[in-house]
Structures are given as C-alpha cells and as structure tokens.
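Here the structure comes first, spelled out in structure tokens, and everything after it is commentary.
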Amino acid sequence: RNGSPASWTWWVGSDWGNSDNAQSMTTKGTPQRDSLPVPMRAAALVGAAIEAVDTYLSTLGPDGVMYLVRVPGNHDWVAAHWLFECMRIKYESNPKVRLVEDIGGRAYVRLGAALVINAHGHVGRLNEATLRETAFCEVPEMMAGARQIHVLRGDKHTRRNIDSKGGSGQDIGVAAMSPQSTWSSEMGFIHRPRLHAFGVTEDGRMPYDITAGGR
C-alpha cells in the first residue's frame, strides 16, 4: 500500500482456463459453456496471462521479484501445465521472474518470514490441515525459521477465512480464478470476476486483502 511491493506471486492455473480440451470439457470430462474455438481460446488465455503479469511487473521496484506459480485446477489441469510452459518461454530470461513448479498440485513460496502454501485443493481433497502436514515432508528446508505458514486454496468459489487454530498463519479459501476481460464474458462466465490480492509483511503476517474496486 505504501511504495512498491517487494514481490508479487501470481498463480498460473487454478481454473483460470474453464475447460481443458477441444470439446470444451474439464479435465474430468464435465461439459462447459466455452464459446470460443480452441485456437482463439488458447491465444486469449496466453494474451490475458501476459497482460496480467506485465501489469504486476510494472509495479515492482528495481529489486522486485515476480513469482509465477503453477497451480493446476480441476477444470484446467493439463491447460495449466501448458500455460506455465508458455510463461516459461516468455519470462525465463527476465531477471525479475521466478518460475515455481507445483508438486502434485501444490506449490510453495517463501516470502520473508512466511511460507505460503498455494494449492487448488481438489487433489485428494487436501484441506488446509493436510496441506500443512504435507509441507513438513516436502519442503522442510523452506519451513525452517518460518514464523507464519499461510495456506491459500483456490478451489472455493467464495472467499472464506478458515480457522488456523493457534495463530500460526492464515488459512484462506479464495475464489477460483476468472479473468476480468472480454474473454471472460465470451467464455460464458455468469458470475462476477473474483479478484484477490493478499499482502504479506516482512515479518510474515498477512494482515490485509485488496480486492476488486479497492476494498
């Protein structure tokens, strides 16, 4: 809120693509109302992603870092991996960009004194407690010295705070992603776009949520 952020973390995936194949179906085969032909839909996804990332990059200071985190969702498991590779081609030579790959649908980012666990949440019905336990096994080196451990799950269609039981960090279910764009309306989204930006301080706290409209 004051000055340039030290970093941004942006999810590649988490149902950002409404469907996963030429038949306009999710990864599991559930039909979706995608109106754009596949070539146009693919180009629109890449274009919207680049626009978003470039916008965030423009707000960073000279030492700022942009984390692109692969978080595949149940609607776009394959498309998220494909889009992530597109982002790799576009940004891997940019010194401000860090590419973070997921481990079975969950990805970890260390921000100062905080470890942030990013996941869509549908894989094996991983809830916030299980995700924390899994982190102890998968990234113990990233947990070392972390004062706060925050869990962000992108599989909920409304934002909700989940009791973290002990003040060790926030567990938040955020809305699945829907870009606010012409592409979004052409794809048949009937709900309003749900945008969230969570602030993490140097000491690891996550004290505020900046949402669409500045609220």
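The values are calculated or read from the model by the stated rules, or taken from the named source; none is laboratory data. All figures in this text were calculated on a predicted structure; none of them were measured in a lab. No Cβ is skipped: glycine too gets one built from the backbone with ideal geometry, and neighbour counts run over all protein chains shown. Side chains are part of the model used for accessible areas, which takes the heavy atoms of the whole protein and leaves out ligands, DNA and RNA. Shrake-Rupley method; radii C 1.70, N 1.55, O 1.52, S 1.80 Å.
Structure above, values below:
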item: Among (1) touching a strand residue (DSSP E or B) at 6+ places or on another chain (Cβ under 6 Å); (2) under 28 Å from residue 145 (Cβ atoms), the one test that residue 57 misses; result: (2)
item: Residue within the stretch 10-24 that is open to solvent by less than 60 Å² (accessible area, probe 1.4 Å), of a type in the set (Val, Ile, Thr) and part of a loop (DSSP other than H, G, I, E, B) present; result: no
item: Tally, over the stretch 30-64, of residues that are in a loop (DSSP other than H, G, I, E, B), more than 30 Å from residue 97 (Cα to Cα) and open to solvent by 30 Å² or more (accessible area, probe 1.4 Å); result: 5
item: Criterion violated by residue 83 - all others in (1) in a helix (DSSP H, G or I); (2) open to solvent by 50 Å² or more (accessible area, probe 1.4 Å) satisfied; result: (2)
item: Matching residues in the stretch 58-90 - criterion: being under 15 Å from residue 122 (Cα atoms) and not β-branched (Val, Ile, Thr); result: 70, 72, 73, 74, 75, 76, 77, 80
item: Those residues of the stretch 91-103 which are farther than 13 Å from residue 8 by Cα and open to solvent by 40 Å² or more (accessible area, probe 1.4 Å), in sequence order; result: 92, 93, 94, 95, 101, 103
item: Test for residue 68: is it open to solvent by 10 Å² or more (accessible area, probe 1.4 Å), of a type outside the set (Val, Ile, Thr) and in contact with a Lys or Arg (Cβ under 8 Å, 6 or more places away or on another chain); result: no
item: Qualifying residue in the stretch 194-215 (condition: open to solvent by less than 40 Å² (accessible area, probe 1.4 Å), under 30 Å from residue 41 (Cβ atoms), modelled with pLDDT under 60 and out of contact with any Phe, Trp or Tyr (no Cβ under 6 Å at 6 or more places or on another chain)); result: yes
item: Residue match in the stretch 132-143 (condition: part of a loop (DSSP other than H, G, I, E, B), open to solvent by less than 60 Å² (accessible area, probe 1.4 Å), more than 23 Å from residue 53 (Cβ to Cβ) and at pLDDT 85 or above); result: yes
item: Complete set of residues in the stretch 135-157 that are of a type in the set (Lys, Arg) and over 21 Å from residue 15 (Cα atoms); result: 147
item: Evaluation of residue 107 against (1) open to solvent by 50 Å² or more (accessible area, probe 1.4 Å); (2) part of a strand (DSSP E or B); (3) not aromatic (Phe, Trp, Tyr) (one fails), failing number; result: (1)
